[in-house]
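Just so it is clear, none of the values below were taken in a lab; they were calculated from the coordinates. Quantities reported herein were computed from a predicted structural model and do not represent experimental measurements. Cβ coordinates were reconstructed from backbone atoms using ideal geometry, including for glycine residues, and neighbour counts include every protein chain displayed.
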Amino acid sequence: MKNWKIWVDAARPQTLAAGFIPVLAGASLAYASNEIHPLATATALFCALAIQIGTNYANDYFDFKKGADTDQRIGFERATASGKIQPEKMFYAAIISMGLAFSAGLYLVWIGGWVIFLIGVFSLIFGFLYTAGPFPLGYNGLGDLFVFIFFGIIAVMGTFYVNTLQWSMEAFWISIPVGALCVNILVVNNLRDIDQDRLSGKKTLGVIFGEKTLKLEYLFMLVLSFYPLSVLYSHFDYTAAIFLPLLGIPFILSQLKTVWFHANKSVLNHTLERTAQFMIIFGVLLSIGILLQSNSYA
């Protein structure tokens with residue numbers, strides 16, 4: 001396999017919807033508000049993807065160092081554990097990716113001020129602390145909360161802010177489904193790896209509370225992702241176009257069935273990819289619904 005392909009696979013492209021969709025949603029609201037800032041949006045997208053890739057590289061490295069990735073791994077192959085990339089190179093790649101995000105983010109700081117600086121710094125720090133440090137979030141049942149806050153609320157509202165220099169309750173409600181669907185990518189990952197995580201001492205919510213908790217969480221996050229549509233329609237004067245994401249329900253129902261009734265954990269690799277694809281479908285339809293609203297942002 002070519003060296004570049006190894007690095008691309010290590011970035012986990014099947015999950016990068018978690019970086020792209022929040023920016024798309026926040027930028028769509030800014031455009032509907034007639035305050036779009038193309039360069040700020042492009043920079044926010046670059047930073048979001050660079051932080052996510054850097055986090056994935058850091059996870060690859062620290063999971064290997066902590067012994068969480070073994071030969072019995074069911075999930076996608078990890079580059080460090082498989083020996084395809086040396087640990088120190090993976091660590092440096094994480095640093096470089098985060099460094100690029102920080103450097104590009106200085107432009108957003110220039111636009112949005114210190115609040116954007118703080119958001120960026122905390123995003124970088126927690127990207128490492130997800131699997132690093134004495135109390136890694138992903139090893140202590142806090143990974144889901146981290147993903148919901150940083151890949152949902154902060155990413156969507158932050159994107160809207162660097163475009164408009166305003167905080168918005170619309171952006172908050174739009175961030176809820178984005179965060180919920182990001183969490184579901186992690187839920188499938190944790191459900192697939194629950195047995196290995198238990199053996200390695202990685203205390204995800206599934207390890208702490210059991211598989212049924214993860215299955216219920218997946219269902220709850222799906223329901224939560226649709227609820228804000230009614231809020232936007234009833235309280236923010238959106239047209240019926242905001243319900244376009246409902247068209248994605250048939251796509252996700254088969255994945256929900258697999259999550260609840262799978263007989264073999266290996267099938268969850270496909271479910272993880274399909275869950276990320278549903279996030280793209282939902283996010284694109286949501287963004288179209290935002291752009292088609294009848295009233296401009298006030």
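Going down the table (LYS203/LYS265; LYS203/LYS257; LYS65/LYS203; LYS84/LYS265; LYS89/LYS215; LYS84/LYS212), which pairs top 28 Å between alpha carbons? Intermediate values should be presented prior to the final figure.
Numbers: LYS203/LYS265 18 Å; LYS203/LYS257 25 Å; LYS65/LYS203 16 Å; LYS84/LYS265 25 Å; LYS89/LYS215 36 Å; LYS84/LYS212 35 Å.
Long pairs (Cα-Cα over 28 Å): LYS89/LYS215; LYS84/LYS212.
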In sequence order, calculated HN-Hα J values of the stretch 29-46 (Karplus, 6.51, -1.76, 1.60; Hz; x Gly/Pro): 5, 5, 5, 5, 8, 6, 9, 5, 10, x, 5, 5, 5, 4, 5, 4, 5, 4
Residues LEU219 and LEU247, FRET efficiency given R0 of 25 Å [Cβ-Cβ distance, rounded to 0.05]: 0.80
Degrees separating the helix 249-261 axis from the principal Cα axis of the chain, which is the longest one: 30
Nearest 10 degrees, 0 to 90: helix 169-192 Cα axis against the chain principal axis: 20
Given charges at Cβ of Lys, Arg, Asp, Glu: the stretch 3-291 dipole, positive-most of ALA276, VAL115, ILE153: ALA276
Helical mean residue ellipticity (222 nm; -39500 (n - 2.57) per DSSP H run of 4+; nearest 500) of the chain: -23000 deg cm²/dmol
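Which of the trypsin sites (Lys or Arg not before Pro) across the stretch 4-94 are loop residues per DSSP, with 14 or fewer other Cβ within 10 Å? If you can, show how the numbers build up before the last one.
On the way: sites: LYS5, LYS65, LYS66, ARG73, ARG78, LYS84, LYS89; in loops: LYS66, ARG73, ARG78, LYS84.
Answer in residue order: no site qualifies.
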Contour excess over end-to-end distance, with Cα ends at LEU106 and ASN264 and 0.36 nm allotted per residue: 52.3 nm
Efficiency of FRET from Cβ geometry, VAL121 and ASP195, R₀ 41 Å, rounded to 0.05: 0.70
Computed label-point distance, nm, for sites TRP114 and LYS5 using a 7 Å Cα→Cβ extension: 5.0
Projected label distance in nm at ALA240 and ASN140, using a 7 Å step from Cα toward the beta-carbon: 5.0
